[in-house]
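Have a look at the structure below before the remarks.
Taken together, the values in this text are just the output of simple stated rules run on the coordinates, not laboratory data. As the structure is a computational prediction, the values presented were derived from the model and not from experiment. Glycine also receives a Cβ, built like all others from the backbone with ideal geometry; neighbour counts cover every protein chain displayed.
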Amino acid sequence: MTQNTTPQPSAPSVIPSEQVREQAILPWKIAIRITLRGLKIRLGRSLITMSGVVLGIAFLMSVLTSEGLKSGLADESRTNTEVLRLFKLVEGELGSIPNHKIAVLVSRPITGRHRIRLMEKLASQADDGAICMYWTQPDTLTPATETAPGQTPFPPGKKFRFISDFQELCRDAHLLVLFDEEMPLLSTDTLAASLKLMAQPVVLDYYYGRYDLSGLQTIDPRIQYASLSYQMSPEEIVRAEKLNARNRARRIWITVISMLVTVIGIANAMLMSVTERIREIGTMKCLGALSGFVVKLFLIESFLLGVVGAVLGTAIGFLVPFVAYLLSAGTQMVVSSAPFGHIAIAGVQSAIAGTVLAIIAAIYPAIVAAKMVPADALRTNV
């Protein structure tokens, strides 16, 4: 009996090979939805994880806020002391502020606490229209093309008058204040003619040394030339540099410690989260979840926890020292001296740092979760 050796065609595979190689990659929208659902289910664990970010960033922000407020209060105290010194200097030269004309020569907007406070204090005691201001070009003694009242915090009104002629500014004036470094250097003839028009030739210069006192007194022996700027002694400069270096080192050390606390806390909490979710991760991988998708879930979770925790930590780190300084130094003193711009920048940097650190701390736990073998994960009982 002859045996049929004709090969039979093999049965078609249930799943074609080209379909086995194709795997569905879930979009970010689904990953975010799964992450939010997991955070809701594990709310207690999520809050513990987020507390690491909150505490670390709150500690960092509180230190930065305290240093900013402390520096602001110190600057405010120095400003008040310096303004009082300058005001006493003006009073010493004039005898009294009322019944005296004050001429102010400016070439750019009046800025800085010292100058603004000094002008405000002078205006508080000067007669109406006694403070005359002349707005000049930085390089020539000609009126500025810009409208001066719009360039200064002291608009024309009851106390201030704007004059467009330098000779008229100096006429019958008792005091000439030179505010700017970029002001044009007056020639000897122009300065002599202008000072001779003054009732009391007293010149106060914020950049002392622009003119030579002996040379000015050859024009008129009555001329008094003094400085409005505070000159630090060499000892004060060295002491300030040492203090700044010490504060900088302290700030760096505190920043490093707070970042380490944040990273270690988040990494520990995320590793515990991986341990608790071993069977869940194994189930997802058995259902076709790729390792990249598992990593994506953990990174999204850490990002959300980092953002919320960093914002809360920044708010707490600002409010606690701010309220403490309000109670100790007084509302008006703190509000007038606080460098809110620098504190806001520090807050944004702290929030960004907290978010980035949360993501970095979650990388290793996410890799551990992605490398799990599904069968081994399902056999684990945690």
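So if I place +1 on the C-beta of Lys and Arg and -1 on the C-beta of Asp and Glu, and nothing else carries charge, what would the dipole magnitude of region 176-280 be about its Cα centre? I want it in debye, nearest 20. Before the final figure, lay out each step's value.
Numbers: 11 positive and 12 negative charges, 148 e Å.
Dipole magnitude for region 176-280 comes out near 720 debye.
Taking a label point 7 Å from the Cα of Ser124 along the Cα→Cβ vector, which residues of region 59-81 have an amide N closer than 15 Å to it?
Counting backbone N atoms under 15 Å from the label point, the list is 77, 79-81.
Using +1 at the Cβ of each Lys and Arg and -1 at the Cβ of each Asp and Glu in region 95-199, identify which of Gly129, Ser107, Thr140 lies farthest towards the dipole's positive end.
Final value for the positive-end residue is Gly129.
Report P(r) for region 95-199: all Cα-Cα distances, bin width 10 Å, range 0 to the bin holding the largest distance, values in whole percent.
Percent of Cα pairs in each bin: 15, 51, 31, 2.
Label points 7 Å out from Cα along the Cβ direction at Asp75 and Ile345: separation in nm?
With each label point 7 Å from Cα toward Cβ, the separation is 1.0 nm.
Does region 283-331 classify as rounded, prolate or oblate by the C-alpha gyration tensor (a ≥ b ≥ c root eigenvalues; a/c under 1.5 gives rounded; else a/b over b/c gives prolate, otherwise oblate)? The partial results should precede the final answer.
Details: a/c = 9.89, a/b = 7.10, b/c = 1.39.
Prolate.
Just to confirm the number: angle between the C-alpha axis of helix 340-370 and the first principal axis of the chain, 0 to 90 degrees, nearest 10?
Tilt relative to the chain: about 10 degrees.
Among Phe87, Phe166, which comes first, then next, by fewest other beta-carbon atoms within 10 Å? Please report the intermediate quantities before stating the final value.
Details: Phe87 17, Phe166 20.
Lowest to highest Cβ neighbour count: Phe87, Phe166.
Taking the chain as the reference, fit the longest principal axis to its C-alpha atoms, fit the long axis of helix 291-329 to the helix C-alpha atoms, and give the angle between the two in degrees, 0 to 90, nearest 10.
30 degrees
Looking at region 95-199 only, what percent of DSSP beta bridges run antiparallel? Nearest 5 please. Please report the intermediate quantities before stating the final value.
Working: 1 of 13 bridges.
Roughly 10 percent of the DSSP beta bridges within region 95-199 come out antiparallel.
Angle check, please: helix 43-94 long axis (alpha carbons) against the longest principal axis of the chain (alpha carbons), in degrees 0 to 90, nearest 10.
With rounding to tens, the tilt is 10 degrees.
Using packing as a proxy for protection, rank 125-135, 106-116 so that the peptide with the highest average count of other Cβ atoms within 10 Å comes first. Numbers along the way, then the final one.
Working: 125-135: 18.5, 106-116: 16.5.
Result, highest mean Cβ count within 10 Å first: 125-135, 106-116.
Taking the Cα centre of the chain as the origin, how large is its charge dipole in debye, to the nearest 20, when only Lys and Arg (+1) and Asp and Glu (-1) carry charge on their Cβ atoms? Walk me through the numbers before you get to the answer.
Values: 36 positive and 30 negative charges, 435 e Å.
For this selection, approximately 2080 debye.
[x] 19.9; [y] 22.0; [z] 34.3: which one is mean projected area of the Cα convex hull in nm² as calculated from this entry?
Correct label is [z].
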